[in-house]
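The values are calculated or read from the model by the stated rules, or taken from the named source; none is laboratory data. Note that the structure is a prediction, hence the values are computed from the model and not measured. With ideal geometry, Cβ positions are generated from the backbone for all residues, glycine too; neighbour counts draw on all protein chains shown. Heavy atoms of the whole protein, side chains included, go into the accessibility calculation; ligands, DNA and RNA do not. Shrake-Rupley method; radii C 1.70, N 1.55, O 1.52, S 1.80 Å.
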Amino acid sequence: MLSRRVRTFKRHLNTNDAYNAFISKPSSVSPGVDGRILSHLTYTLKDNFMNSDSTTCASKLLSNFKSPYSATAASLIDENGGQFRGKNNMDEFGMGSSNTNSYYGAATNPKYEDGDRIAGGSSGGSAAAVSAGVVNFSLGTDTGGSVRLPASYCGVIGFKPSYGRISRWGVVAYAQSLDTVGILARDMDTVEKVYGVLNRHDEKDPTSLPAGIRDMLQSVEEAVDPGAGEGLTIGIPQEFLVKELSPQNRECWLNAVERLQDMGHTIKRISIPSIKSSLSAYYTIATAEAASNLSRYDGLRYGFSQEAPEDVDLDTVSALIAKNRSLGFGPEVQKRILLGNYTLSSDSGNHYLKATQVRKQLVHEFNGIFKSPNFLTNSLDAQEDGCDVLISPTSVGDTPTIEEFLRNDADNFLNSYANDLLTIPASLAGLPAISIPWGNQSIQIMSQFGNEHILFRASRYLLN
Amino acid sequence: MLLRNLRRYSTTSRLTKEEVKALLKSTHWSIESLTASNQTGTDAIKPKTLSKMLKLSGFQESVSKEREQVLINSLRTQMGFINHLYDNQSDALAQTDEPLHSFRLLVSDHQPGSPLTLNDIKDQIKNQVPDSTKGETQEWGATHNSKSNIEGSKIDDEYFTVKPFSNEETK
């Protein structure tokens, strides 16, 4: 049974796409324009960004959908000279960490020659395309680690900015209070160049940080910045020291920290107690918001429909909607919608509100360990002895084969949640975070809300 | 109060290489304490509950017995997992007397600007123009795509109503 599922997952729609990284490619490729900041850089979009091509979210339900408008992020890349090369495979509607929940089959990992290892998810196709050298960069989305985790597995850089930095207009929502647009690339120059293009207010997105707030965040960051070449204070969160951390990831963590110590940076042990509650808080919030966001898909106005809507008697519309949703959504998406609706229902209790309280506490605890104040939440007291950045591995375990992942998930689906422990805290607190390759593993660096430049500098210290 | 709580989470000591090595060899806790199957207190989730949730979620209510059991188990496992929200409650979280509200990372929640007046809203509505970058066209109207010709309904440029059948009509 399992091996049949694995064979199905390895089905490739396009024989020219060795890693099943693409869902669609443009029929013609524009030659690009000279003289723009992204000229001569090729890029792809995770297939939940709308542009003039189809946008499927790797779902049967949207397999025939074409948007009448484009995502602001995609338009900005085009305006600045980026050359579009296609839409990438992903976990359906962003739900997963392996890219095995896709209507189009699993993306596989170019870093491993056997072709049997997961690319990670949910932005697995983006990570695979960048890792294989097909494009210079890709835009993905990161709700709880969906850019950082696949970047880590595929050996590329994956960056998630502060919540609200990059416009989400035209990006299909999974969990709107957590969703961010992220960048995957092979080098820091490209990451920073693309971020420079996308880091601006968009009035179409109500969660986009206003220009005045961006200016203030920059001032706050500059005020606490020790300056280029000066030593940073780097924290090790003790709650990330879990029994399940693989020996390879422990070794990688130690190696990176020792390297930073050799450069003269200060290392501290820090404690964020709410990290232990963060997985439960995240999966409460994410499933509840997903259930709400995905209630709009009925197959009547657009998307997959079992029968042509005009042929349907109005009495049977609700039955048709139920049929469309039951046949159109994959099993993982259906499960998360059910879990989300149950969490929100009066039958279960008010867990959503409780989860947001945990989130609030987590933000306060992060504010207590960073040197920089958090301008967004009005926590303006600087911690003079606080940290500039935090460091950890990106993933708890090593890159599994597709079969290993599916077996583990079938035993207990919470096993798939466990590997998100290191990436979820930054998502809940809205902090910028980056995964950078380190040996055969990856290191994650996090900084205070709005402190992207210090994050980039710390990344360069390690990469250089 | 908040500042006192914040200070508890910072540390002051700079670690030596030996201390880092010892720290990164140590184990603070296990994720298994969250993910180990624990369905205590989830007995209330029965086939009837699942049926209600399937309907609420817009799915077909008739599922195979096998699928029904899988989904009930998923709900029970998830609730066992979510119950860990109530572990490790710090003093600050447990003793808060603030009114409960949903915490978000929106600027408007933390740094509210001037409230909108009715005139502000009227002005915004008056000055609205179709935005092609949002897929809006000059010709678009809320009822224009409707193909319905339900008997007794009224469709014009601005609104669409369905007239209920009167007793006379249903005789």
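Points to keep in mind about this one:
Here is a yes/no grid of residues against (1) at the interface with chain A (Cβ under 8 Å from one of its Cβ atoms); (2) at pLDDT 80 or above:
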| residue | (1), (2) |
| --- | --- |
| B:Phe81 | yes, yes |
| B:Ala92 | yes, no |
| B:Asp97 | no, no |
| B:Gln111 | yes, yes |
| B:Pro115 | no, yes |
| B:Lys122 | no, yes |
| B:Val129 | no, yes |
| B:Lys134 | yes, yes |
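- Taking the criterion of being at the interface with chain B (Cβ under 8 Å from one of its Cβ atoms), surrounded by fewer than 18 Cβ atoms within 10 Å (Cβ to Cβ) and out of contact with any helix residue (DSSP H, G or I) (no Cβ under 8 Å at 6 or more places or on another chain), the only residue of segment A:249-293 that qualifies is A:Thr266.
- Taking (1) more than 7 Å from chain A (Cβ to nearest Cβ); (2) touching a helix residue (DSSP H, G or I) at 6+ places or on another chain (Cβ under 8 Å); (3) at pLDDT below 90 in turn, B:Thr35 satisfies each apart from (1).
This table checks each residue for (1) in contact with a Phe, Trp or Tyr (Cβ under 6 Å, 6 or more places away or on another chain); (2) free of Cβ contacts under 8 Å to residues at least 40 places away in the same chain; (3) over 28 Å from A:Thr287 (Cβ atoms); (4) assigned by TED's automatic domain parsing to the domain that holds A:Gly182.
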{"residue": "A:Ser30", "(1), (2), (3), (4)": "no, no, yes, yes"}
{"residue": "A:Leu38", "(1), (2), (3), (4)": "no, no, yes, yes"}
{"residue": "A:Thr56", "(1), (2), (3), (4)": "no, no, no, yes"}
{"residue": "A:Asp91", "(1), (2), (3), (4)": "no, no, no, yes"}
{"residue": "A:Met95", "(1), (2), (3), (4)": "no, no, no, yes"}
{"residue": "A:Asn99", "(1), (2), (3), (4)": "no, no, no, yes"}
{"residue": "A:Ala106", "(1), (2), (3), (4)": "yes, no, no, yes"}
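- Residue within segment A:273-289 that is within 26 Å of the chain's Cα centre (by Cα), part of a loop (DSSP other than H, G, I, E, B) and closer than 16 Å to A:Ala173 by Cβ present: no
- Qualifying positions in segment A:95-131 - open to solvent by 10 Å² or more (accessible area, probe 1.4 Å) and closer than 17 Å to A:Cys57 by Cβ: A:Gly96, A:Ser97, A:Asn101, A:Ser102, A:Tyr103, A:Tyr104
- Any hit, segment A:173-184, residues being out of contact with any helix residue (DSSP H, G or I) (no Cβ under 8 Å at 6 or more places or on another chain), under 17 Å from A:Gln444 (Cα atoms) and assigned by TED's automatic domain parsing to the domain that holds A:Ala21: no
- In segment A:379-395, the residues that are facing chain B (nearest Cβ under 7 Å) and surrounded by fewer than 23 Cβ atoms within 10 Å (Cβ to Cβ): A:Asp381, A:Gln383, A:Asp385
- Candidates are the residues of segment A:206-241 that are within 20 Å of A:Gln176 (Cα to Cα) and crowded, with 19+ Cβ neighbours inside 10 Å; the one that is farthest from the other protein chains (Cβ to nearest Cβ) is A:Ser208.
- Matching residues in segment A:165-176 - criterion: being closer than 16 Å to A:Leu431 by Cβ and assigned to a loop (DSSP other than H, G, I, E, B): A:Arg165
- For segment A:337-373, filtered to residues that are at the interface with chain B (Cβ under 7 Å from one of its Cβ atoms) and hydrophobic (A, V, I, L, M, F, W, C), the residue that is farthest from A:Tyr282 (Cα to Cα) is A:Ile369.
- Failed item, numbered, when A:Asp78 is tested on (1) surrounded by fewer than 24 Cβ atoms within 10 Å (Cβ to Cβ); (2) on the phi > 0 side of the Ramachandran plot; (3) in a helix (DSSP H, G or I); (4) of a type outside the set (Lys, Arg): (2)
- Scanning segment A:177-197 turns up no residue that is surrounded by 17 or more Cβ atoms within 10 Å (Cβ to Cβ), assigned to a loop (DSSP other than H, G, I, E, B) and among the β-branched types (Val, Ile, Thr).
- Residues considered: A:Ser138, A:Ser70, A:Ser162. Of these, the only one that is open to solvent by less than 10 Å² (accessible area, probe 1.4 Å), within 14 Å of chain B (Cβ to nearest Cβ) and either outside any helix (DSSP H, G or I) or basic (Lys, Arg) (or both) is A:Ser162.
- Flag if A:Leu376 is assigned to a loop (DSSP other than H, G, I, E, B) and at the interface with chain B (Cβ under 7 Å from one of its Cβ atoms): yes
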